[in-house]
Amino acid sequence: MRSSKNSADLRPIAEGELCSALFSDFRRRQRVTYCLRNDGGGWREAYAPSIDDWSAADYDFLIECLRHTLQTGGAVFGMFVGGKLKGFASVEGAPLGKDGVYRDLTSIHVSEEFRGRGWGRKLFDCAKGWAKAHGAEKLYISSHSAVESQAFYRAMGCTDALERIQEHVQKEPLDRQLECLL
């Protein structure tokens, strides 16, 4: 796809591209006001103001994780505008869950200034296609509980996961565990 003001080039990211310079023009910043919390009777909105942003150390850790994803048979996709990364998604290659029907969508982010243009959907669809082509029946998502994040996943067709992966639950107890049928 040709780059213009409202479009981007979507392509796989190779391991050799994963360095801090790749993320130099990427803005993760997200202002969160309300999150969904499960009070035992279902998911309810709760006032939980914060600003979610990444430090240099967070980007270094992300790069390590994305390299691991590629080294273990997963995939990383990027949205580029003028050669600059403005969105990305990663899917793990290993089957997940007791029956191995899931592939783990470990990241999906669009740079702050490019949100609301449908790029998240394109990245999500790309991740779904890759997971299905690699034997998955569903994507598994341990999702931030921000209301905006939950609205995105709902629009993508995600529902509460039938099987909750305990490693994710323990690592991020406030995340909502979701799945998407492929």
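The values are calculated or read from the model by the stated rules, or taken from the named source; none is laboratory data. Small disclaimer: the values here were computed from a predicted structure and weren't measured. Quick reminder, even Gly has a Cβ in these numbers, built from the backbone with ideal geometry, and neighbours come from all protein chains shown. Note: accessible area is taken over every heavy atom of the protein model, side chains too, but ligands, DNA and RNA are not part of it. Shrake-Rupley method; radii C 1.70, N 1.55, O 1.52, S 1.80 Å.
Spot the failing condition for Arg44; the list is (1) within 22 Å of Asp125 (Cα to Cα); (2) in contact with a Lys or Arg (Cβ under 9 Å, 6 or more places away or on another chain); (3) open to solvent by 60 Å² or more (accessible area, probe 1.4 Å), and only one is missed.
(1)
Being surrounded by fewer than 15 Cβ atoms within 10 Å (Cβ to Cβ) and closer than 13 Å to Glu17 by Cα is the filter here, so list the residues in the range 64-79 that pass it.
Residue satisfying the conditions is Glu64 alone.
What are the pairs, 6+ residues apart or on separate chains, where a residue within the range 142-156 that is under 15 Å from Arg31 (Cα atoms) has its Cβ under 7 Å from a residue that is assigned to a strand (DSSP E or B) and of a type in the set (Asp, Glu)?
Pairs that qualify, where the first residue is under 15 Å from Arg31 (Cα atoms) and the partner is assigned to a strand (DSSP E or B) and of a type in the set (Asp, Glu), are Val147/Glu45.
If you scan the range 71-89, which residues turn out to be more than 12 Å from Trp119 (Cβ to Cβ) and among the basic types (Lys, Arg)?
Lys84
Kindly evaluate Ile63 against the criterion of being within 15 Å of the chain's Cα centre (by Cα) and not aromatic (Phe, Trp, Tyr).
yes
Please state which one of Gly120, Gly100 is more than 17 Å from the chain's Cα centre (by Cα) and more than 19 Å from Ala14 (Cβ to Cβ).
Gly100
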